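The values are calculated or read from the model by the stated rules, or taken from the named source; none is laboratory data. Given the structure is predicted, the values throughout are model-derived calculations rather than measurements. Just the protein is used for accessible areas: all its heavy atoms, side chains included, with ligands, DNA and RNA removed. Shrake-Rupley method; radii C 1.70, N 1.55, O 1.52, S 1.80 Å.
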Amino acid sequence: MRLFTVIFIMIVISFLFGSVLNKIETIEQLENQLEQKQFQVDSLIHEIDTLTWENQIWDFNLSNNTVHLLSAIIHVESNNNDSAYRANEDAVGCLQIRKCMVKDVNRILRRQKSDLRFTYDDRWLRNKSIKMFDIYCKHYGLTTAEEIARCWNGGPRGMNNPLTANYWRKVQNNLDS
């Protein structure tokens, strides 16, 4: 009888141990599914943010041609990320604005006798970055998409810099997609 009890207990313990292992495997599968769903949610949130940001660009009274170009430049510069930061250039925000750009835009505003000024922290704000972009493009008389993109990348004489041609191709590819 004792042997029967020991065998019975061993069978019950084996069954319970198997059940526990099965539950652990089920939990791991559910965690993996949850993680995949979270990636999908994150991806959709990024898409919604991108569409929202592109829609907000229309609020800046830019020409229709420039709106799509600006959207492409923002995508090339930061992948639509307002928190983008490139430490080796101290390039900040959705348009990857460096301090020298803020200084140039403020110089332009002073020449225009405007009271408006930008700070280095304004580079993190999409609306102020776009305003700086608009002031810069208008001041330098940039009209074509290629002029705007290459001069945004290489400064006022960016059209003369062969290194900006590759940047223009990236923006152009983004415009075409």
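Ordering Ser71, Ser83 by accessible surface, largest first, gives Ser83, Ser71; the 1.4 Å probe counts only protein heavy atoms, with every chain in place. Only protein heavy atoms count here; on that basis, with a 1.4 Å probe, Glu28 has an accessible area of about 100 Å². On a 32 Å Cα-Cα criterion, which of the cross-link pairs Lys99/Lys170; Lys138/Lys170; Lys37/Lys99 come out too long? Correct reply: Lys37/Lys99.
Remark: relative contact order (segment 113-177) = 17 percent; criterion is Cα-Cα distance under 8 angstrom and separation of 6 or more residues.
Our coupling estimate for segment 100-107, obtained by passing each phi through the Karplus curve with A = 6.51, B = -1.76, C = 1.60 and θ = phi - 60°, is 5, 5, 4, 4, 5, 5, 5, 5 Hz, Gly and Pro reported as x. Computed across segment 129-177, the Kirkwood radius stands at 10.8 Å (inverse of mean 1/r, all Cα pairs). As a fraction of the 1.4 Å probe accessible area of segment 75-121, surface on carbon and sulfur atoms comes out at 44 percent. Residue separation of Leu163 and Gln36 scaled by 0.36 nm, minus their Cα-Cα distance, works out to 41.7 nm of gained length.
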